[in-house]
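The values are calculated or read from the model by the stated rules, or taken from the named source; none is laboratory data. Small disclaimer: the values here were computed from a predicted structure and weren't measured. Don't worry about glycine lacking a Cβ; one is built from the backbone with ideal geometry, like all the others, and counts go over all protein chains shown.
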Amino acid sequence: MNRRLIALLSGPTLFLLILLIPLPEGMPAAAKTTAAITAWVAAWWIAEPVNLAVTSLLPLVLFPLCGVAPLKAISGKYGDEIIFLFIAGFFFGKTIERWNLHRRIALSMVYWLGSNPARMVLGFMVASAFISMWITNTATAVMMTPVAIAVAASTTSSDDAHHLNFQKALLLGVGYACSIGGLATLIGTPTNAIFLSYVKEKFGTQVSFWQWFLFGLPFATTLLLACWVLLIRLFPLKKNTADAHETRATVRSELALLGKITAPERRLIWLFGTVILAWITGSLLWYKWLPNSNDTVVAVTGAILLFLVPSGEEQKPLLDWDTAIRIPWGIVLLFGGGLTISKGFDDSGLAAWMGAQMHGLNTLSHVAILFTVLSVVVLLSEVASNIATASMMMNVLATLAIGIHVHPFGLLL
């Protein structure tokens with residue numbers, strides 16, 4: 001039996017096993033069915049016999065067929081407003097990639113910060129984190145890694161140990177910075193959207209761009225600096241001015257190849273800057289005057305303008321559909337699948353039943369519980385994607401938080 005067949009059978013097998021076990025005391029029948037459906041989806045998200053997005057469509061089929069919820073009640077979750085916020089964010093990311101604005105920003109930051117090897121590593125990390133605030137972590141890593149490799153290869157230090165340490169610190173720094181930067185903004189990484197959509201659905205709490213930014217930016221900055229200090233301690237770097245001159249020369253030559261800032265880049269900066277300003281000021285000022293406006297309305301308005309504002313080159317708009325269609329549409333289905341399962345937990349009574357079972361954990365140390373949760377999530381994310389892990393764990397952790405009487409955000413974040 002090949003691996004894919006085993007992975008395919010894992011989901012239906014778990015589904016049937018849970019349906020066949022006797023109904024636990026106090027558990028509604030619909031709750032057990034929801035648990036069985038969740039087990040099937042989770043198994044396929046982990047084993048990936050099919051694409052994650054395809055697995056995310058299972059709740060749309062299984063919930064109605066198993067009598068948990070009608071299709072009309074759950075299909076709207078695949079069009080939640082948070083999903084459109086991220087679609088708009090993906091459009092901006094693709095536009096930034098199209099006109100190479102990310103490369104100019106990154107190289108400029110590295111050039112001005114990188115006066116010695118340690119600061120060169122910091123420059124790459126700051127640039128990677130900044131870009132990752134607006135573009136997905138994976139896309140940022142794909143953009144930044146070739147530049148980092150080119151800079152690392154340009155050094156000709158006679159000290160092999162120093163050269164190797166520089167390469168390790170630089171490439172690891174870029175990788176970690178891409179993940180850290182995504183924490184700073186709402187649109188930085190899809191897992192942020194999963195959290196936001198879940199707390200809105202479960203607790204009715206709306207988190208604005210500005211509220212997240214006030215929390216996320218200081219947190220990400222602290223993590224970034226701590227990561228940089230750790231890397232240069234683990235991989236000690238000399239204050240080698242010769243290496244610094246070589247790497248800065250490489251960065252300068254890359255900047256020269258880009259030439260002067262172009263009309264599309266300038267217009268994109270103005271448009272995206274306006275959207276960011278609207279996000280920041282909206283919750284503070286004008287959302288109160290326009291009660292039906294929110295971050296999603298601002299984002300979608302900006303995304304539409306990308307297709308309307310001329311780039312200044314050959315009558316092309318800043319973004320065309322041939323480019324836009326390449327955004328990661330599968331993530332949209334992942335969001336929808338996670339939200340549908342969340343609704344199933346609540347509507348079937350599974351969340352309430354699990355909360356009652358977890359009430360006894362209130363006697364345990366909250367620090368120990370938090371450490372256990374972190375360990376489980378880290379281990380699970382090693383075998384499943386971050387998005388799938390977040391989608392699977394949100395319901396469990398929220399129920400756990402309610403059961404032990406702690407603020408849910410403490411575990412969900």
Every pair of residues 6+ apart whose Cβ atoms lie under 7 Å, when the first sits in the stretch 317-333 and is under 20 Å from Leu57 (Cα atoms) while the second is exposed (fewer than 15 other Cβ atoms within 10 Å of the Cβ): Gly330/Asn51
Residue list for the stretch 224-258, filter: over 22 Å from Pro146 (Cα atoms) and at pLDDT 80 or above: Leu225, Ala226, Val229, Leu230, Arg233, Leu234, Pro236
Residue in the stretch 279-329 that is surrounded by the most Cβ atoms within 10 Å (Cβ to Cβ), counting only those that are among the acidic types (Asp, Glu) and not in a helix (DSSP H, G or I): Asp320
Meets criteria (in the same structural domain as Asn192 (by TED's automatic domain parsing), among the small types (Gly, Ala, Ser) and either within 30 Å of Gly336 (Cα to Cα) or surrounded by 19 or more Cβ atoms within 10 Å (Cβ to Cβ) (or both)) for Gly76: no
Residue under evaluation Gly67, criteria (1) assigned to a loop (DSSP other than H, G, I, E, B); (2) more than 17 Å from the chain's Cα centre (by Cα); (3) crowded, with 21+ Cβ neighbours inside 10 Å, criterion not met: (3)
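If you go through the stretch 299-346, how many residues are aromatic (Phe, Trp, Tyr) and within 21 Å of Phe209 (Cβ to Cβ)?
So in the stretch 299-346, the residues aromatic (Phe, Trp, Tyr) come out as 307, 321, 329, 335, 345.
Next, only the ones that are within 21 Å of Phe209 (Cβ to Cβ) stay: 335.
Qualifying residue count for the region: 1.
Looking only at the stretch 244-276, which residues are of a type in the set (Phe, Trp, Tyr) and surrounded by 13 or more Cβ atoms within 10 Å (Cβ to Cβ)? I'd like the intermediate steps shown before the answer.
Just the residues of the stretch 244-276 that are of a type in the set (Phe, Trp, Tyr), to begin with: 270, 272.
Scanning the stretch 244-276 gives a single hit, Phe272.
Residues Val367, Val376: which one is within 24 Å of Ser197 (Cβ to Cβ) and of a type outside the set (Ser, Thr, Tyr)?
Details: Val367 fails: within 24 Å of Ser197 (Cβ to Cβ).
It is Val376.
In the list Ile341, Ile369, Ile387, which residue meets the criterion of being free of Cβ contacts under 8 Å to residues at least 60 places away in the same chain and β-branched (Val, Ile, Thr)?
Working: Ile341 fails: free of Cβ contacts under 8 Å to residues at least 60 places away in the same chain; Ile387 fails: free of Cβ contacts under 8 Å to residues at least 60 places away in the same chain.
Exactly one of Ile341, Ile369, Ile387 is free of Cβ contacts under 8 Å to residues at least 60 places away in the same chain and β-branched (Val, Ile, Thr), namely Ile369.
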Output for the stretch 357-413, where each listed residue is surrounded by fewer than 17 Cβ atoms within 10 Å (Cβ to Cβ), small (Gly, Ala, Ser) and farther than 19 Å from Thr38 by Cα: Gly360, Ser365, Ala368, Ser375, Gly410
